[in-house]
Structure formats: C-alpha cells, structure tokens
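Here is the structure we will look at.
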There are 4 protein chains.
Amino acid sequence: MIRVAVVGYGYWGPNLVRNYQEAKGTELVSVCDLDPSQIKKVQIRYPSVKTTCDFHDILNDPLVDAISIATPVATHHSLAMKALAAGKHLLVEKPLAGRYQDAIEMLEEAERRKLVLMVDHTFPYTGAVRKIKELVDSDELGEIYYYYDSVRVNLGLFQRDVSVIWDLAVHDLSIIEYLFPQSPSAVSATGMAHFRDQPENVAYLTLFWERNFVAHVNVNWLAPVKIRQTLIGGGKKMVVYDDLEFTEKIKVYDKGISVTENEEEIYKRRIGYRIGDMWAPVLDRTEALARLVEHFAACVEGREQPITTGASGARIVRIMEAATESLTKRGQVIKL
Amino acid sequence: MIRVAVVGYGYWGPNLVRNYQEAKGTELVSVCDLDPSQIKKVQIRYPSVKTTCDFHDILNDPLVDAISIATPVATHHSLAMKALAAGKHLLVEKPLAGRYQDAIEMLEEAERRKLVLMVDHTFPYTGAVRKIKELVDSDELGEIYYYYDSVRVNLGLFQRDVSVIWDLAVHDLSIIEYLFPQSPSAVSATGMAHFRDQPENVAYLTLFWERNFVAHVNVNWLAPVKIRQTLIGGGKKMVVYDDLEFTEKIKVYDKGISVTENEEEIYKRRIGYRIGDMWAPVLDRTEALARLVEHFAACVEGREQPITTGASGARIVRIMEAATESLTKRGQVIKL
Amino acid sequence: MIRVAVVGYGYWGPNLVRNYQEAKGTELVSVCDLDPSQIKKVQIRYPSVKTTCDFHDILNDPLVDAISIATPVATHHSLAMKALAAGKHLLVEKPLAGRYQDAIEMLEEAERRKLVLMVDHTFPYTGAVRKIKELVDSDELGEIYYYYDSVRVNLGLFQRDVSVIWDLAVHDLSIIEYLFPQSPSAVSATGMAHFRDQPENVAYLTLFWERNFVAHVNVNWLAPVKIRQTLIGGGKKMVVYDDLEFTEKIKVYDKGISVTENEEEIYKRRIGYRIGDMWAPVLDRTEALARLVEHFAACVEGREQPITTGASGARIVRIMEAATESLTKRGQVIKL
Amino acid sequence: MIRVAVVGYGYWGPNLVRNYQEAKGTELVSVCDLDPSQIKKVQIRYPSVKTTCDFHDILNDPLVDAISIATPVATHHSLAMKALAAGKHLLVEKPLAGRYQDAIEMLEEAERRKLVLMVDHTFPYTGAVRKIKELVDSDELGEIYYYYDSVRVNLGLFQRDVSVIWDLAVHDLSIIEYLFPQSPSAVSATGMAHFRDQPENVAYLTLFWERNFVAHVNVNWLAPVKIRQTLIGGGKKMVVYDDLEFTEKIKVYDKGISVTENEEEIYKRRIGYRIGDMWAPVLDRTEALARLVEHFAACVEGREQPITTGASGARIVRIMEAATESLTKRGQVIKL
C-alpha cells in the first residue's frame, strides 16, 4: 500500500483520483490544485481526502510516498524536480516534459535519488495493446513490416501551446515504444496549422528504423468523425486494431504474402480478398488506468519493474521534438 | 458515333471493350493484343468485332477514328506517338506515361495534330466524386483545409516495374487534380519496399500548395483489409467519402470550428461529438467507365471539353515522379 | 425543488440516486434498501444522505415528498400502495407492476389521492426517441406503416421470475406507447424457454392496430452480439434507429414507394438501391434519466404533465400479460 | 456433360444461361421465352445457341437432356409436368410450385419416370451456408437453440401475385431445410399488406419443432436499407451470418450460457460482453449458381445425390402455404 497525492484536478486528475481511491495498492492522501473551485469539487466528492492549493503542503507531507502529476505540460519539469528533491516517487501525466532536455534532467534526478519515475501513458495498460504485445513477442505475426496508425478526434480541442503531435501522436508513440524494443532512428513529419496563431492541427509522421520497418502516424484535430485505427503488417499475420469497436478491438488476419515467381498465383491473389481465417481474441477489459495505478504502487514497492518508464517517456519526447522540427521543414528527415 | 479500337486485352481491356460495345456514342471496331489466347477470348465473346495481334493493323485501319490504349505503362509513349502520327484520337490507360518527359511529348504531338488526347482516370466520372466536386465548387464546404486519403488494397498485386504510388496513389492524385483547380507546389513522400528486388509497397505522400491547404495520401499493397476512405475538411462542412460503402458513399457533416476565445465553449466542444446534422446525398450510380467512353466520344466530336485531359494526366505523372524521388530521400520535399 | 427518497439500491437504484443528487429540481433525502451491505455503499459515496433498511422510515419521514421505487417487480404494488397511502408521489421502476390488475389499483389509488404516479421508462426521454417523436408528429414520415424492433442482449442475465418480454420488450413497448397515440388492439407472440425451470429467453411479438399498422418486436437474452435496431416505415420517409451508434443513432431515408402501374418503373426500383438522400439529425445527448428526474419534479410541482404516466405503464403491463398468454398458445392472437 | 435448355429469359434466366454456358458439365442447347424481344437478346449475346418462343420445340428436341425452368411460379406445374412427360430432367426456379398439391404431383411424376427433379434454391450452394452446415453437422455449435433471420430488401419489387413470404422468406426456408434434418411441425405467421390490392409486404414467421428449437424469419419489401442477417444460437457457440459483408460473412462466437446457481457469476455475465474469442472462417467464394448447375449435371448423370431435391422444395411450399394461412388468421398456429 502506497500513499499518493494527486497534483492537478483538471481534465485528467479526476480519473487519477477515482482510480487511486478504488485501487487496492494505493491510498489517496491528498489532492492539490491551484484553483479553489476545483478543490471544492474534490471536497464534496471525497470528504475524507485532504485538499490544498499549495504544492508545498504536498511536498512537506510525510504521509505522502508518491505524487501523481496531472498539470499542464509546461509545469511538469519544475514540479517533478521539486517532488524528487522532496523524496517522492512520481507518476507524471504524458507527455513527460515539454523538452527532451527537461525529461533527461528528471530522469537523472530520479536515478540519483533512487526514486521511481514513471509516465502516465495509458495505452500500454489496455487489454487490446497488451494482446498485440503478446502477438508480437510470440512471433505469431512474424517479422513486423509496418505499423500504421490513424487517429482523428471528432472536432478535438485546439490547444494553445502544443500541436496535435503532442496531444494525439503521443499516444501512438507510446504504443510503438511499448511494442517494439528498438527505437526509431529517424523521423519525417508534415502537417499544417490552419488557424492563425494556433499550433498545427493536422500532422503526418513517418518513423524509420535501421531495419526494414516503417511506422506512420496520422493525427487530426479537425475531423468530422472519430477514428482510431491501427494496422500492423507482419510476415505471417496482420492485425487491425480499432479502438472504437466495443468488443472486437483486435482482429488478427491469417494472411500473408510471399514473393512468388508463379505469375498465375500472383494474378489470383489480386482478385482474391481473403486467404485465411480472421480471429478476434477476447480481451481483458480492466480499465487501463486502474491497472496502471496498481502497477505504479507495485513499482514503488519494488515488486514490479516499470513498463512506462521515465526513460521511455523521454524517448517519446525526443521523437516529438524531432517531428516538430521536421514538420517546420516540410518533411525533412531528422535523425534521432 | 465514333469508331474505336482497343489495344491491350489484359486486366482493364475487357472493361473498355464491354463499355465501347454498349455505349451509344461509340462503335467498337477492333481489338488488338499481342497474346493470341487473349484475342481468342474476344472472338468468342464478340464474334462481330475484328481482332488482330498486330498494332499496325489498327493504325492502318481507316475505319478507326480513335484508339483506346490499355497496355503496360512502359509501352504507352511509343504506342501513343504512333497512333497520333496515324491521326487517331487517344484515350490512354492511367498513368498516362511512365515519365513526365514522355507525357509532355505525347501532349505536344496531340496538340500539333489537333487530336484529342485523354487519360483514363475513372474516379472523376463516378457519381461520388462528381458530387464532391459539386460541393467544393458551390462553396458548400467553405475553404478547403485538407484532403486526406487512405487506400489499402487487400493483399494487392505486387507489380514488377512500378511502386504502389503508380498503381494506387495515381487514383487519389486524379481526384485531387479534378477537385482543385490549383496544382500542388511541392511533395514529400515516405515509404518502404519490404521485399527484395520489389518496388515500394507502402507509401505516404504529402502534397503542399501555395495556400493553406494540405493533402495526404496513404497507399498500401500489403494490407489485411480493403480500405478506401477520404476525409475532406472545409471551413463550413466536412466530407467523409467511403468508396466501399454501397449506397452512402458520401457523408457531409455540418460541422466546423471557429477560433473562439471563450474557454468554456472550447471545453464543451472537446467532449461533444457532433454539432450539426449529417447528410448523405443520393448519388448517380452510372458506371464511371460508361460515362467516360461517352464523354470521350463527345470530346472527339467536339461536343464536350475533356475532363481528364492529357495535360492533367501529365501533371499527375510529374507528381508521382517527384514523390518517387522524395521517397528515396526519406521525405525530403521536392518542388513541382 | 422536491425531496425524494429512493427505495432499492441494487442494479438501477445507484443511477437514480446519482441523478437525484445532481438534478437541480430534486433533493435526495434518503435511500432505503433491505441489504445493509448496499446501504453501506450509499453511506460511503453519499455521506450526507440519510439511509435506512426499513421502508417505514421513508413512509414516516415528513421531509420526503416523493418516492422512487427501484425494487424487484413483485414488490412494486405493495410498496406503491403504502407509499400512496402515506401521501408520497411516486416514480416506479419499469415495469409498473407484475400484473395489470395491480397496476390498475395503483392508478386508482394515485388518482383518488391526487398524487403523481409515473413509471420509469427511460427511452422516451432520450434524444433519439424524442427526435423520432418529432418526425412522427410533424408528419415528416407520412402515414406510419410499420414499426420493427430487434433487440438482442449480448448474453443477457437470465432472470428467475420474468421472461425476456418483461425485461427487454418492455422498452420497445414504452417507445411504441410514446410515439403512437392509439393503443394496439391485439397481440400475437411466440418464443421459447431453452433452459429447464427458466422463463422464455427469446420472444417475438406482433402488435396489431385497428388501422393498417403493424409493430413487431424481437427480443433475445441469448445472443452472441448486442443489437438494438429499429426500423420505422412511413409513406413519405423511413427511419433507421440504431441505439448502438455513438452519434448517428437516427437516420432518415427520403424513400418511399407508390403503387405504380408503370411496369418499367417498378423494375427500375427493384434494382435501384437509393432514391433520395439520407439525413442524420443531430441529437440532444442529455442523459435520459437526468431529464426524467427533472420532469418528475416538474410534474409533482404541477409545472408539467407526465409523459410516462402510470396509465401508459399499465397499458404496457396489459400488453405484456397478453403477449405472455399468446406465447404459451404459440402465437394465438389475444385481443386487448 | 448434359445438354440443357433454359425456359424463361426474364429476371433469373440470364444468370442460368450464363452459368450453363460456362459450366464444364453442361452444354447450353437452346433458350425459350414467349417474348421475342427477350429472345433477341439471347441471339446477340449467344449467337451459337438455338432460340425459340415455342416451348414444344424444347420438349421435342432430342438433343435436350434437361430443362431449367425460370418462368413465373404460376406456370411451374404445367411446364414441369409436360417436360417430365417428354422425359426431360428438371431444375425448377424457386419456389417449386405455387401450391403444395402441385409440387406433390410434380414429385410423383418425376419419381414414376425416374427423372431428376431439383429446385433452384441457391443459398445452400453458397460458401457461407455450406460453412454453417459444416459447423452444425460437426456439433461445433452444440445443440441448436434458435435460428433467427432478418431480411429486408431495400425497396423491393412489389410482386403482383405472391406475397413477400413467397419472394423472400423462401430463401430462409431453404437454408433451414438444408441445415436441419428435421422439418418443423408448426408455423405461426403475422404480417400486413399496406397497399390496396397488393399482397402482404411485411411478414414475420415463427417455425416450431418437436424439440426445443425455434426459428423466426422476418421479411420486408418496404425497407429503407438492405439487411440480410442471421443469428444461430447453439449451446456451445453462436453464429452471426451477415450476407452483406464482403468477406467476413460468417462469425463464430465462442460464447455460451450455462444455468448456474452461482449468483455472482450470473451478475458478472450481465455486465461482461464477450466471453471467448470470435472467429471468421475463410469461405469458398465460388458463385452459388455455378456450383448448382455443375451439381445438377452430376445428379442427372447419377454421380451425385441432389441437395435441393424436389421433395425439399415441396416441403418449403407447404410451409409457405401454412404461413400464408396463419397470416390471414393473425398468427394462429398451423400444424404441418
């Protein structure tokens, strides 16, 4: 059982608070937000939890083992450095930091103090992504050829300070980071800001690896419909992951291609549309965040090794920095 | 009524032959193919049509007003130049040529001889794309922000000599060429060839314009499912065009975004998922190729102006050439 | 502002409690449940609300204006009669009662005491069903020919004491009751109980009216997938209502049929697949139960007239009684 | 190789002609239609085939081994009796006859003369229905609990002389007949004719068996969308068969229900939505009619036993007669 404080009770904070409250491995000690009206909501819903508008109350509270930061990105580095200095373990809302350099400093500080630093990327904790990880690791898909992701938010919130890459592509990058042990070696990105003084609202990223593998991520804040569809092409099988499907989120297609010299066979494939069966495995439906907070507690207590480590969070920030640079250069490849 | 010969009776030729046979404005005079076994099929199905394995028979036939070329891309230029020299009007299967320089020569020759040179891009003749054209031209969508296209062939045929760009992206480029009067000013492309000695089988293209408009095209020969989905975002309305839908191929969403300073309104949008109605207009279901051959006849007879002109076909070849170059340079932008 | 007590904190009670707590027009005074462990949950989540295991505490509480009953059907009549005798207004969970006779007694008692008696059918309070009501009332659909409903629960809970008709068809009957002013004149039902000592788990109901209108309802507890689809055929337009769609729940098809003598036109229709446009109106997404509890408060205060009246609830019970009888007689029509 | 004549070149005849022409086991000898304009179409498309407007030419042609009848239902009996008398084997378009008594006479005549009499129900020859048959026969689904079918034609052709039962439900009945060895023992049907002097355009059939199995069929000519969906519930697994899906027509759900006394487990099921995996087997995509005509040839030559026998066709006619009677009596059960 670890004792946790949540800092930031805006969009994501209430989800963290609810999960810390209900998790077996965590005890929610206090909640901090600068805005008194947000704090009031906490008091009504959770009368037994301590509340404060002053972050130092959290830092100084000896009952707090760990802090969960859910404030705007720009504040992550400063808050995290103080929390680590106060000896608190950390779970930081994604993205880990607004700059790679900041993320590295946070990592080093945590390592020096032997504190757990994790980042709150939730997708690796979903039943769907965990199932894909199983399929990849067991070589059921064969050699992976491509990862293709298309995310459209149905008229998403235009954020003031960060582009659609930092808001949406960050999720896809966390899945890629989780699924594939090797990191990409380069990135090319294109995109556009359609509104004056606003960040880019559409972006297209291509990630390159040393080996024969490519990932492509499409994100869009200005879409008429919501789409969250991923295709993973392997030498043996291929996966379609549609996160908006209620139950059959993962479909595994027993299809493949072999480079044949037999002309007739090639022709037949052109007009045939399925070769083998399709299979939709049953998925664990536990809420990802519930799984994450239990895992965070286990990591703090040394019972488990972190999945979404600070280091992985930092690598993702680095990719987003490079993608942002490439985007301003209309797709010029940036080495990582 | 124009009299037509079809050259090439492989994958696409039979569709042309059938449509020339059934069209009111055309009379199918003869069919030419190098392969006698293909010619035999024509003889059985269309006993009254002349057949030959020798292209010169077509060139020398005074009964032939126009030639429809449906042979491999590499042969387009050579066959077309001979046909124009023989005074025949031309409809050339897409892409118009394998090289921009060749396409330009074909254009100039046709112009010099005052012959019609058209390219067989069929999408602009579908009810769906024509309806989108109407919506764009009437300003119903408002200023167009982006055109996003995702095409996946379900285990498509790997072609020996051309990449997936020349096989699939060519369709999307023909739609873009048709819908938007201005041509793109630059292109960036990424992609990959997963099999040794084979051309690229996945590709991602971004097209840039002088104005604030971006197009992105994703094509893939190695997909587990078939997808043909296009999103067009406008300032007033947005369109989802799903060519695999049987009837409701076009959905028009009465949605838009305005850059508001009102924080609360922004927040509400984030969690709301539809703002206005959706509307799926009824579409003309005439076969695109039937419409195209009638239009070709009308153009030869001077009654209509070509839609898929040789010039538009040449511009598309140019974009594909530039995209292919960018792809080998991992996304480096190429000016057009 | 009315003061409400909720009786029964099992499956549905928590939803009622949450909505009474959040509604502007209601004040949640107390919650009653026979099971102390359920009461404990209330105490943790809502520390300021009174709780009791004794129904009489509610009856005797002068602070309680109205009672919301969410107990098993078999107890509705007895609890309701006591509550009315104690002068409390009532909102009773659906179905209103287990027998028509009981429902009538409840109605009469409420009328005698001039108390509001409503039944908690939520579908008429959804944005989707309200929109259909608008379309029907404004004659936009023309004369209504049929109402067809298909509801499948994905491996639904087999209930001990009531058949699938009382669990699922009750919803469809409440929609029919709301949409169409006239009541059906007869019912025929078929179905089957596949498990020994269990009630019917599949049922098919046909409702007849005096006029040329038919409704058919299909319900099933033992289905591999979840389906909730309704078709409404009108002389001018037709509606497809799919409650599992996230946003486009209602699609209005501008289609119709006219009895023509023109043979050729009939033939064309056979092979044509859409005649007019389709339109998906934007829907109000307010939670149905939130709307219902506000409406209940307004009815108690005399500001609104009840929509889901006790009388409508009684008519629905009567239809279900007749359907159950018909079902045991393999579809024999029962007059209403 | 059998030699076949097709009688009737209206809606279905051209499909038969094309398949007999292309099948390896059949030789198309001649085509007969009363309408000279239809005959002309045959002459243009198939110049080598004999044509006639006089049925007697077919009867008297010693080169004709078998006749394929594709004329209106009302003529089936008379034409079939003459053809059998002339010693011709028969494939009759569905339904076999307009009256059960007629069908029986045809059966008896064929048996007396030792001629093959088959009915042209195509669904049992599709890859999808054949796969379901495999699943049923191998007990992979376990004991079958229900068969539920919903067919909606998108504004179907209103036929003058037969109701929607004879036009659409006939298909479902042929699948049921094929899948399940035992015949139903009773039928109840409801429905309605919405247009004066027109037959019923919506109908709902329930079939009963001696054992604990029920089938329900819903057909509708007046629908805004096309639907062809079947659910088959078994004790071990369940099937969803959606004929409008392009590739994944058959989905097998590894789900089931067992009557448990464990309250907690029941509750969990209520809120859980999938229990086991889903599996979509790859299907044979051969055209059903191509398979049928080859099978017909094999049956005439004694190499195979008929699947869609005249006897099965007669049983289907009997069910439709009984359903029509039940429909006029508003669902009264009719024994078979």
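Of B:C53, D:C299, how do they rank once you tally other Cβ atoms within 10 Å and put the fewest first?
Placing the least packed residue first, the sequence is B:C53, D:C299.
On the Cα set of region C:62-146, report Rg and Dmax in Å, please.
Cα only, region C:62-146: 16.2, 50 Å (Rg, Dmax).
Which of D:Y46, A:Y145, A:Y253 comes first, and how do the rest follow, when ranked by fewest Cβ neighbours within 10 Å?
So the residues, fewest neighbours to most, are D:Y46, A:Y145, A:Y253.
With angles folded into 0 to 90 degrees, how steeply does helix B:13-22 sit against the dominant principal axis of chain B? Use alpha carbons for both and round to 10.
Roughly 80 degrees between the two axes.
Please compute, for peptide C:283-290, the average count of beta-carbon atoms on other protein chains lying within 10 Å of each residue's beta-carbon.
Taking the mean over all residues of the peptide, I get 1.
Taking every DSSP beta bridge with both residues inside the protein assembly as shown, roughly what % is antiparallel (nearest 5)?
Approximately 55 percent, going by the DSSP bridge assignments.
State the three equivalent ellipsoid semi-axes of region D:107-264, derived from the C-alpha gyration tensor as the square roots of 5 times its eigenvalues, in descending order and whole Å.
28, 22, 17
Can you list residues whose amide H is under 5 Å from A:W209's amide H, if they're 5+ apart or on another chain and H is modeled 1.01 Å from N?
A:S185
Mind listing the phi-derived Karplus ³J(HN,Hα) values for region B:51-58, rounded to whole Hz, using 6.51, -1.76 and 1.60 with θ = phi - 60°, and x for any glycine or proline?
9, 7, 9, 10, 4, 5, 4, 5
Can you name the chain C residue with its Cβ nearest the rotation axis from C to B, and give the distance in Å as a whole number?
Per the Cβ-to-axis criterion, the result reads C:W279, 3.
Please arrange A:S78, D:S48, D:S326 by how many other C-beta atoms lie within 10 Å of their C-beta, fewest to most.
Sorted ascending by nearby Cβ count, the order is D:S48, A:S78, D:S326.
Check the straight Cα-Cα distances from D:K133 and name the aspartates and glutamates below 12 Å, setting aside those fewer than 8 residues away within the same chain.
Candidates past the 8-residue exclusion: D:E177.
What do you get for the angle between helix D:127-137 and the principal long axis of chain D? Use alpha-carbon atoms, 0 to 90 degrees, nearest ten.
Tilt of helix D:127-137: around 50 degrees.
Across the residues of A:308-320, average count of Cβ atoms on other protein chains within 10 Å?
That works out to 0 on average.
Here is the link list: D:K40/D:K249; C:K94/D:K251; A:K24/A:K237; D:K226/D:K329; A:K40/C:K41. Which ones come out longer than 31 Å on Cα distance?
Over 31 Å apart, Cα to Cα: D:K40/D:K249; C:K94/D:K251; A:K24/A:K237.
Would you mind classifying region D:159-235 by shape? Square roots of the alpha carbon gyration tensor eigenvalues, ordered a ≥ b ≥ c; an a/c under 1.5 is rounded, otherwise it is prolate if a/b is larger than b/c and oblate if not.
Prolate shape, in that a/c is at least 1.5 and a/b is the bigger ratio.
Count charges around D:S188 for me, please; just the other residues with Cβ under 13 Å from its Cβ, Lys/Arg as +1, Asp/Glu as -1.
Result for the local shell: +4.
Sorted from shortest, what are the nm distances separating the label point of C:I275 from equivalent points in the other copies, each placed 7 Å from Cα along Cα to C-beta?
Once sorted, the set of distances for C:I275 reads 3.5, 4.6, 4.6 nm.
Percent relative contact order of region A:1-55, based on C-alpha pairs within less than 8 angstrom and at least six residues apart?
Relative contact order of region A:1-55: 36 percent.
Please determine, in degrees from 0 to 90 and to the nearest 10, the orientation of helix D:76-85 with respect to the longest principal axis defined by the Cα atoms of chain D, where the helix direction is its Cα long axis.
50 degrees
Take every Cα-Cα pair in region B:1-131 and report what % of them are more than 20 Å apart.
Counting pairs separated by more than 20 Å, the tail of P(r) holds 42 percent.
Between copies, how far does the label point of A:E325 sit from its twins, in nm, shortest first, when each point is 7 Å from Cα along Cα→Cβ?
Nearest first, the other copies' label points are 2.6, 8.2, 8.5 nm away.
Could you grab the relative contact order for region D:26-125? Cα pairs under 8 Å, six or more apart, rounded to a whole percent.
21 percent
Taking the label point 7 Å from Cα in the Cβ direction, how far apart in nm is A:P36 from each other copy of itself, listed shortest first?
With the label placed 7 Å along Cα→Cβ, A:P36 yields 4.2, 9.8, 9.9 nm.
So how strong a dipole does the protein assembly as shown carry about its Cα centre when Lys and Arg Cβ are +1 and Asp and Glu Cβ are -1, to the nearest 20 debye?
0 debye
Per-residue mean of other chain beta-carbon atoms within 10 angstrom of the beta-carbon, peptide D:189-197?
If you average over the peptide's residues, the count of other-chain Cβ atoms is 6.
Using a/c under 1.5 as the rounded threshold, could you call region B:54-101 rounded, prolate or oblate? The axes a ≥ b ≥ c are square roots of the C-alpha gyration tensor eigenvalues, and prolate needs a/b larger than b/c, oblate otherwise.
Prolate is the answer for region B:54-101, as a/c is 1.5 or above and a/b outweighs b/c.
Please tell me the relative contact order of chain A in percent, rounded to the nearest whole number, where contacts are Cα pairs under 8 Å and at least six residues apart.
20 percent
Can you pull out the GluC sites (Glu not before Pro) in region B:172-261 whose DSSP state is coil and whose Cβ has at most 11 other Cβ atoms within 10 Å?
B:E210, B:E261
Which semi-axes, in whole Å and largest first, does the equivalent ellipsoid of the protein assembly as shown have when worked out from the alpha carbon gyration tensor as the square roots of 5 times its eigenvalues?
In descending order the semi-axes read 54, 48, 27 Å.
What's the ranking of A:178-184, D:185-191 by average number of surrounding C-beta atoms within 10 Å, highest first?
D:185-191, A:178-184
Under the Kirkwood approximation for Rh and a Cα-based Rg, what ratio Rg/Rh is obtained for chain B?
That ratio is 1.01, to two decimals.
As a test of the formula, what do you get for chain C when each DSSP H run with n ≥ 4 contributes -39,500 (n - 2.57) and the sum is divided by the residue count, at 222 nm and rounded to the nearest 500 deg cm²/dmol?
Taken over chain C, the calculation gives -10000 deg cm²/dmol.
Values in this text are rule-based calculations from the coordinates and carry no lab data. Everything numeric in this text was worked out from a predicted model, so none of it was measured. Note that we place each Cβ from the backbone using ideal geometry, even for glycine, and neighbour counts take in every protein chain shown.
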